[in-house]
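Coordinate-derived values only; no laboratory data. Because the structure is a prediction, the values reported are computed rather than measured. A quick note on method: Cβ atoms are made from the backbone with ideal geometry, for glycine too, and the neighbour counts reach across all protein chains shown.
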Amino acid sequence: MTEKPSGTGCMLVMLGINVLLIGLLAFSFSHGPYSSREQELWYRYGSIGFLIAGVIQPAIALRFGALRRQWAIIALTVWMIAVFIACFIYALFSGGGV
């Protein structure tokens with residue numbers, strides 16, 4: 001039986017958090033009437049970009065064997081945390097103005 005490197009659980013939890021939170025954000029931002037092309041670019045395609053960067057690309061990397069290497073697990077975990085923080089900042093800037 002092969003043993004998984006340490007940090008696997010943390011990485012899978014972070015992937016789950018990203019799927020849930022970034023997925024919900026992308027779903028809610030991708031729907032709705034936009035008053036301009038710039039708004040559509042910011043809300044729809046910005047949120048879809050975070051979904052691709054924070055969920056889909058790490059999931060593809062996991063599928064192709066990232067769980068077998070310790071450095072890949074660390075890199076994916078740091079990447080997903082960075083994308084999550086950037087997405088949180090993006091959501092704060094998307095709150096509208098006064």
Which of 60, 48, 22 has the fewest Cβ neighbours within 10 Å, and the rest in rising order
60, 48, 22
Exposure-ranked with fewest Cβ neighbours within 10 Å first, 80, 14 stand as 14, 80
Ranked 8, 77, criterion: other C-beta atoms within 10 Å, fewest first
8, 77
Can you give me the relative contact order of the chain as a percent, contacts being Cα pairs under 8 Å and 6 or more apart?
40 percent
Using only the Cα atoms of the chain, build the gyration tensor, take square roots of its eigenvalues as a ≥ b ≥ c, and label the shape rounded, prolate or oblate: rounded if a/c is under 1.5, else prolate if a/b is larger than b/c, else oblate.
prolate
Quick calc, residue 61 & residue 94: beta-carbon distance into FRET formula, R0 22 Å, rounding 0.05, result 0.20
Testing the spin-label approximation: label points 7 Å from Cα along Cα→Cβ at residue 20 and residue 42. State their distance in nm.
2.9 nm
Using helices alone, what [θ] at 222 nm do you get for the chain, with -39,500 (n - 2.57) per DSSP H run of 4 or more residues, divided over all residues and rounded to the nearest 500?
-20500 deg cm²/dmol
Helix 70-93 versus the longest principal axis of the chain: what is the Cα-based angle in degrees, 0 to 90, to the nearest 10?
10 degrees
Would you mind checking the tilt of helix 8-30 against the longest principal axis of the Cα atoms of the chain, expressed as 0 to 90 degrees and rounded to 10?
20 degrees
